[in-house]
Amino acid sequence: MPEVAEPPVAPPVAPPVAPPSSGSAWANADGTFAPSFYETLPEDIRGLKDDISKFKTPSELARAYAHNKHFAGQKGLIPLDANAPKEVREARKALLDSIGGVPKEAKDYGLTRPADVPERAWDPAYVAKVQDWAYKHSVPPSAMKELVNDVTGSQVKAQLAQQQVNEQAFWDGQRQTFETAIKAEGIPSDKANALAERGATALGFDMEKPTDKLILQNAKVRLAMMRHAIATGEDAYVAGEAAKGGGGDALAQAKDAAENPANPLFEALHNPRHPQHAAVKEQVDQLWRKAAAQQEKRRSA
């Protein structure tokens, strides 16, 4: 059977190209604005007809808008675009600097510490950074001085005042803690404080130094210094009270401390958990030894 030849494939037919637009209500076929464009402006901008009619195409109008916007930015009227040319930005800064009286260099702001702001609250390095920021953004010197003296200065002074109140409350609490502890131990306040300073001095504290005196205001430190004085025999309190409670000689003092509940040493001596137990026991033991030595001396005489 003879082969039948297939018909040739016809090439693809391109879709017909639409003829150029003959225009619209506002545009001509060549892309220029039609006269009706200027006549049909909205009511609120119809007064711009004569100005806008100078621009024949949308491109011309857009270009003029961009130019005017940069020009307005140079005059400081509106914010600059993110992609504004460098020279535009420099021109705008020069204008703002001249208007605000911005100094030629950041350091020339001359910010100084207000008289009522303590030196410890004034950070020159931070102030230098603030001046750099102000210069970069064309902040007028008058605004910077107001910021430092009125706004920031007032805030710093308020913070310092609150800090003093907090510190006073803290140290008042430390004194109260100390008073409560010595009251529980039966030690009068004046004698406890004297012992604390005596113990601190024995450990190298200098009571003429403000820093050492400040450390001793801590309740735990003060109690530790007081107990150190008692434990090392630096306590006029223990010896004095023992003598007051038990007569003139060592034997009488030792017996009174051991047997008389009214003796200031009695409770600490018989209570192993008392914070002064070890120190008082050693004190009373010394009295017993002294009493024994006195009796031996009398027998020998």
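The values are calculated or read from the model by the stated rules, or taken from the named source; none is laboratory data. This is a predicted model, so every value here is computed, not measured. With ideal geometry, Cβ positions are generated from the backbone for all residues, glycine too; neighbour counts draw on all protein chains shown.
Here are a few things to note about the model shown:
- Considering only residues in region 11-31 that are modelled with pLDDT of 50 or more and among the hydrophobic types (A, V, I, L, M, F, W, C), the one that is farthest from the chain's Cα centre (by Cα) turns out to be A29.
Here's the yes/no breakdown for (1) acidic (D, E); (2) assigned to a helix (DSSP H, G or I); (3) out of contact with any Phe, Trp or Tyr (no Cβ under 9 Å at 6 or more places or on another chain):
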{"residue": "P114", "(1), (2), (3)": "no, no, no"}
{"residue": "V117", "(1), (2), (3)": "no, no, yes"}
{"residue": "E146", "(1), (2), (3)": "yes, yes, yes"}
{"residue": "A158", "(1), (2), (3)": "no, yes, yes"}
{"residue": "V165", "(1), (2), (3)": "no, yes, yes"}
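- Filter pass, A293 being assigned by TED's automatic domain parsing to the domain that holds I182, surrounded by fewer than 15 Cβ atoms within 10 Å (Cβ to Cβ) and in a helix (DSSP H, G or I): yes
- So A224, is it surrounded by fewer than 17 Cβ atoms within 10 Å (Cβ to Cβ), more than 30 Å from K93 (Cα to Cα), modelled with pLDDT under 90 and in contact with a helix residue (DSSP H, G or I) (Cβ under 9 Å, 6 or more places away or on another chain): yes
- Single residue of region 262-290 satisfying the filter (at pLDDT 80 or above and surrounded by fewer than 13 Cβ atoms within 10 Å (Cβ to Cβ)) that is farthest from I187 (Cα to Cα): R289
- With respect to (1) in a helix (DSSP H, G or I); (2) touching a helix residue (DSSP H, G or I) at 6+ places or on another chain (Cβ under 6 Å); (3) free of Cβ contacts under 8 Å to residues at least 40 places away in the same chain, the lone exception for T177 is condition (3).
- Residue satisfying all of: in region 244-261; under 57 Å from the mean Cα position of the chain (by Cα) and either closer than 18 Å to D190 by Cβ or surrounded by fewer than 16 Cβ atoms within 10 Å (Cβ to Cβ) (or both); modelled with the highest pLDDT among these: P261
- Any hit, region 170-185, residues being modelled with pLDDT of 85 or more, buried (at least 19 other Cβ atoms within 10 Å of the Cβ) and not aromatic (F, W, Y): yes
- Looking across region 79-118, just one residue is over 28 Å from V148 (Cβ atoms) and β-branched (V, I, T), and that is V88.
- Subset of region 250-291 (residues that are under 22 Å from T232 (Cα atoms) and among the small types (G, A, S)): A250, A254, A257, A258, A268, A278, A279, A291
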